[in-house]
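S.K.: Sharing a structure, written as structure tokens. Questions coming.
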Amino acid sequence: MADPFLVALDQATRTVVARVRGELPQVASTGAAIAHTYCCEPDWSLCGVDLSDLATSGNGDQECVVCVDLLASGAVCPGCQVS
């Protein structure tokens with residue numbers, strides 16, 4: 001079975017490329033931040049980004065496509081082993 005992170009990263013890359021080519025609509029964002037999802041550790045996102053130096057994202061911010069795909073696939077948190 002494929003690694004859920006690599007599958008999500010591949011899907012996110014395809015989505016970004018399709019948006020740049022005009023094949024998918026652009027995502028409207030009201031803020032400059034991207035909202036990542038984390039499990040047990042607020043400084044570690046599901047997609048692997050260290051969030052310790054990033055500002056908290058607010059409502060209406062664009063969600064991280066990798067985190068969204070990982071959450072949807074039920075990926076396991078590498079820190080606590082909880083999905």
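S.K.: Ordered by residue, what ³J(HN,Hα) values in Hz, to whole numbers, does segment 48-53 give under the Karplus form 6.51 cos²θ - 1.76 cosθ + 1.60, where θ = phi - 60° and Gly and Pro are x?
M.R.: x, 6, 6, 8, 4, 9
S.K.: In nm, give the distance between the simple-model label positions of TYR38 and THR13, each being 7 Å from the Cα along the Cα-to-Cβ direction.
M.R.: So the label points at TYR38 and THR13 sit 2.7 nm apart.
S.K.: Please list, in chain and number order, the residues 5+ apart from ALA35 or on another chain whose amide H is under 5 Å from its amide H, with Hs placed from the backbone.
M.R.: Amide H neighbours of ALA35: GLN62, GLU63, CYS64.
S.K.: What is the set of long-range amide H partners of TRP44 at a cut-off below 5 Å, with H atoms built 1.01 Å from backbone N?
M.R.: LEU51
S.K.: State the extension gain, in nm to one decimal, for the chain segment bounded by ALA72 and ASP53, taking 0.36 nm per residue of separation less the distance between their alpha-carbons.
M.R.: 4.2 nm
Here, each number is a calculation from the coordinates, and none is a lab measurement. This is a predicted model, so every value here is computed, not measured. FYI the Cβ positions are ideal-geometry reconstructions off the backbone, even for glycines, and counts take in every protein chain you see.
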